[in-house]
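Trainee: Structure in structure tokens, see below.
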Amino acid sequence: MCKGDFQQAISFHARSLELCRVWNLRQNVTSFALHFGHALALSGQVSESLALLEQSVETAELTRVIGHYSLSACMLSEVYWRADRDEEAQALAVQAYARAHETKEHGIRAWTARLLGEMHAHGDAPDVEQAEAHYQQALALAEELGMRPLQAHCYHSLGTLYRQTGQSEQARAELSTAIDMSRDMEMTFWLPETEAALAEVESRLPSAAAMRCNMEMECPS
């Protein structure tokens, strides 16, 4: 999943879910159904994933097993967002974040913070300040916990946000870091998008030669 190979993830989780049902491993069914549904959503099969994830949230709420609800709610929130159900998505993400904070599930809190950043950055009325705050919080948690794939995603998100707001130097720095980390971890699925964003930013920046020329004109000998 971290590398963006969603079809492989779908195949793995579908097989695992089938085996859990054959062997009546009820405790594992919810977990594999959750990840199977999430993989389907990330591959673009949003409608197919909704029933699986909604059932996972309901089961997690009933069983009250630590970690199940916050993770399930975070994943379902992302799917709602991809299905353009923005109000439901944001409300559920806030719940997931609060539950993860309450149960000290800092990794899930980090992923949910980034998701909230995405919602604020790309909604009908983007809130740049809130988006940046959530991205920075997610990045700080990811760095503290050693969650390098999430760090790469946060750098990509921050770079994209800065590009949209005209902060070209900051955008170049964040996107360059995202590219380096993605290559290092072989997260190739997201590389073309990030590289294209960086190329667009760099095309807007003055060249080194032009900068030297401007400096010479401003500071004659």
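Trainee: Choose one answer from LEU191, LEU53, LEU205: the residue with the largest mean-square fluctuation in a GNM of the chain with alpha-carbon springs under 10 Å.
Mentor: LEU205
Trainee: Right, another one. When the chain is fully extended, how far beyond the present Cα-Cα distance does ASP124 get from GLU61, taking 0.36 nm per residue of separation?
Mentor: Computed gain between ASP124 and GLU61 is 19.6 nm.
Trainee: Return the FRET efficiency for the residue pair ASP184, GLN136: r is the Cβ-Cβ distance, R0 is 22 Å, and the value is rounded to the nearest 0.05.
Mentor: Step by step, r from the Cβ atoms, then E = 0.50.
Trainee: Follow-up question, since we're still on this one. So for the pair ARG85, ALA199, with labels modelled 7 Å out along Cα→Cβ, what separation do we get in nm?
Mentor: Label-label distance for ARG85 and ALA199, simple model: 3.7 nm.
Trainee: Oh, and also: If the elastic network links every pair of Cα atoms under 10 Å, which of ASP84, ASP180, ASP124 fluctuates the most in the Gaussian network model of the chain?
Mentor: Ranking ASP84, ASP180, ASP124 by mean-square fluctuation puts ASP124 first.
Trainee: Residues of the range 107-132 with the amide nitrogen closer than 12 Å to a label point 7 Å from the Cα of THR165, along Cα-to-Cβ, please.
Mentor: 121, 127-132
Trainee: Which net charge results when you count Lys and Arg as +1 and Asp and Glu as -1 among the other residues whose beta-carbon is under 13 Å from that of GLN151?
Mentor: -3
Trainee: I want to verify a result. In a Gaussian network model of the chain, Cα cutoff 10 Å, which of these has the top mean-square fluctuation: MET119, MET187, MET75?
Mentor: Highest fluctuation of the listed residues: MET187.
Trainee: Now for a separate question. Cα axis of helix 148-164 to longest principal axis of the chain: angle in degrees, 0 to 90, nearest 10?
Mentor: That works out to roughly 50 degrees.
Trainee: So, in Å, what gap is there between the alpha-carbon centers of the range 165-184 and the range 66-96?
Mentor: 27
Values in this text are rule-based calculations from the coordinates and carry no lab data. Nothing here was measured: the structure is a model prediction, and the numbers come from that model. We place every Cβ from the backbone using ideal geometry, glycine too, and count neighbours over all the protein chains shown.
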